[in-house]
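Asks: Below are the structure tokens for one structure; questions will follow.
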Amino acid sequence: MAMMKVREVAQKDLSRIRDEDWVDWSRRPFVRGTVAYVPVRDGFPFSSILPDPRPYRGRGYTMIGTIAVFHGKEMPRDADVRAVEVSRNPTAVLWIPSCEGQRRKPRAHVLAGTPGEVVHRECGITYFLDPSRIMFSAGNRGEKERLRKMVRPGERVADMFAGIGYFSLPVALAGARVHAMEIDPGAFSFLVRNIRANGVADRVFPQLGDCRSCLSGTYDRIIMGHFDSCRYLDRALSHVREGSVLHVHTAGDASGPLEKILAERGTHATVETHRVKKLGPHIWHCVQDVTIG
């Protein structure tokens with residue numbers, strides 16, 4: 001049986017520890033009497049080790065805050081939904097087969113519970129969001145960390161599709177000054193809130209609107225975290241200098257088409273492709289690092 005590290009907290013104090021870094025919100029606390037046994041993240045002190053009585057062995061899913069999310073084209077089986085409820089006691093269970101349109105709205109189906117706003121922690125960053133209304137891809141964690149390590153303090157960075165701060169927050173915490181653009185008012189409201197929650201209001205400057213009209217001046221780095229980013233490349237290239245780097249996200253390796261666009265413009269650049277995660281048979285989420293020079 002799996003084991004779980006916990007701290008004992010008075011049930012009435014659960015709301016007080018909501019934003020504590022040590023809490024493992026991928027699991028739900030369980031309550032016995034007036035005592036709540038709160039799961040503890042690796043690397044933090046704990047008071048007890050208890051058997052986790054609810055192991056799960058069904059279809060893969062993601063915990064976004066306290067909400068369990070199934071992805072994929074096929075609807076989860078009722079047995080998997082029930083098993084997740086027993087294993088994690090989520091506030092809601094969602095099935096999101098896809099995200100649609102320029103604003104990447106999740107096509108969410110509620111399978112159990114009541115969805116709403118949650119707090120999700122990842123790599124030391126706090127994200128407020130409602131997964132039933134706002135896209136969140138836990139599979140991009142490695143790319144966020146890769147980008148965070150590449151950024152140098154003081155860089156001027158444009159995040160053309162900022163969302164709730166997926167990439168803006170990590171690079172700001174690495175010392176960059178970020179111009180974060182988002183076209184969807186709902187995602188933008190969470191972006192503004194997440195900037196404050198992570199203490200980077202002096203480094204992230206949010207702007208509501210179409211990134212093509214928001215771009216201003218010259219940037220050291222431009223993040224293009226949308227699968228239609230190639231359509232925006234010409235506009236982005238108007239705001240770079242020698243040494244600037246563009247991170248162009250695509251469904252599939254787009255290095256060939258990108259090199260063709262660059263050649264047609266007479267822009268000298270190198271293109272290096274990185275795989276982020278698998279999207280389907282023979283299709284990868286890729287990021288092309290385009291270095292101008």
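Asks: Any residue that is modelled with pLDDT under 85, crowded, with 16+ Cβ neighbours inside 10 Å, assigned to a loop (DSSP other than H, G, I, E, B) and of a type in the set (Phe, Trp, Tyr) - is there at least one of those in segment 59-67?
Replies: no
Asks: Just to be sure before I move on: is residue 286 over 19 Å from residue 177 (Cα atoms) and in contact with a Pro (Cβ under 8 Å, 6 or more places away or on another chain) in the structure I sent?
Replies: In short, no.
Asks: Scan segment 75-85 for residues that are under 11 Å from residue 112 (Cβ atoms) and surrounded by fewer than 19 Cβ atoms within 10 Å (Cβ to Cβ) and report the count.
Replies: Looking only at that region, the number is 3.
Asks: Just checking, does segment 217-233 include any residue being among the aromatic types (Phe, Trp, Tyr), touching a Leu at 6+ places or on another chain (Cβ under 6 Å), closer than 29 Å to residue 124 by Cβ and not assigned by TED's automatic domain parsing to the domain that holds residue 98?
Replies: no
Asks: While we're looking at this one, here's another question. If you take just the strands (runs of 3 or more DSSP E) that sit entirely in segment 210-293, which of them hold at least 2 residues that are more than 18 Å from residue 152 (Cβ to Cβ)?
Replies: 245-251, 269-280, 283-292
For every residue, the table says whether it meets (1) within 26 Å of residue 171 (Cα to Cα); (2) in the same structural domain as residue 224 (by TED's automatic domain parsing); (3) touching a Pro at 6+ places or on another chain (Cβ under 7 Å).
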site: 61; (1), (2), (3): no, no, no
site: 72; (1), (2), (3): no, no, yes
site: 79; (1), (2), (3): no, no, no
site: 84; (1), (2), (3): no, no, yes
site: 89; (1), (2), (3): no, no, no
site: 104; (1), (2), (3): yes, no, no
site: 129; (1), (2), (3): yes, no, no
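Asks: Any residue in segment 169-193 that is in contact (Cβ under 8 Å) with a residue 12 or more places away in the chain sitting within a Cβ distance under 6 Å of a residue that is part of a helix (DSSP H, G or I) and hydroxyl-bearing (Ser, Thr, Tyr)? List the pairs, counting only those 6 or more apart or interchain.
Replies: Close Cβ pairs (under 6 Å, with a partner that is part of a helix (DSSP H, G or I) and hydroxyl-bearing (Ser, Thr, Tyr)) amount to 178/168; 180/168.
Asks: Right, here's the next one. Would you mind stating whether residue 84 is outside any strand (DSSP E or B) and of a type in the set (Val, Ile, Thr)?
Replies: When the stated conditions are applied, residue 84 passes them.
Asks: Scanning for something in the same structural domain as residue 255 (by TED's automatic domain parsing), in a helix (DSSP H, G or I), in contact with a Lys or Arg (Cβ under 8 Å, 6 or more places away or on another chain) and of a type in the set (Gly, Ala, Ser), does segment 186-207 turn up at least one residue?
Replies: yes
Asks: A follow-up question, please. Just give me the residues in segment 5-26 being out of contact with any Phe, Trp or Tyr (no Cβ under 7 Å at 6 or more places or on another chain) and at pLDDT 80 or above, in sequence order.
Replies: Hits for segment 5-26 are 9, 10, 11, 12, 13, 14, 16, 17, 20, 21, 23, 24.
Asks: So, in segment 145-166, how many residues would count as being out of contact with any His (no Cβ under 8 Å at 6 or more places or on another chain) and surrounded by 24 or more Cβ atoms within 10 Å (Cβ to Cβ)?
Replies: Within segment 145-166, residues that are out of contact with any His (no Cβ under 8 Å at 6 or more places or on another chain) and surrounded by 24 or more Cβ atoms within 10 Å (Cβ to Cβ) number 5.
Asks: Restricting attention to strands (runs of 3 or more DSSP E) lying wholly within segment 94-153, give those where 2 or more residues are among the charged types (D, E, K, R).
Replies: 118-122
Asks: Say we look at segment 208-226 and pick out the residues that are surrounded by fewer than 20 Cβ atoms within 10 Å (Cβ to Cβ) and closer than 16 Å to residue 184 by Cβ; which of these is modelled with the lowest pLDDT?
Replies: Among them, the one singled out is 226.
Asks: Name every residue in segment 20-30 that is under 13 Å from residue 50 (Cα atoms) and part of a strand (DSSP E or B), in order of residue number.
Replies: If the condition is that a residue be under 13 Å from residue 50 (Cα atoms) and part of a strand (DSSP E or B), then 30 is the only one that fits.
Asks: Consider residue 29 carefully, then state whether it is modelled with pLDDT under 85 and either of a type in the set (Asp, Glu) or surrounded by 18 or more Cβ atoms within 10 Å (Cβ to Cβ) (or both).
Replies: yes
The values are calculated or read from the model by the stated rules, or taken from the named source; none is laboratory data. All figures in this text were calculated on a predicted structure; none of them were measured in a lab. Cβ atoms come from the backbone with ideal geometry, glycine included; neighbour counts cover every protein chain shown.
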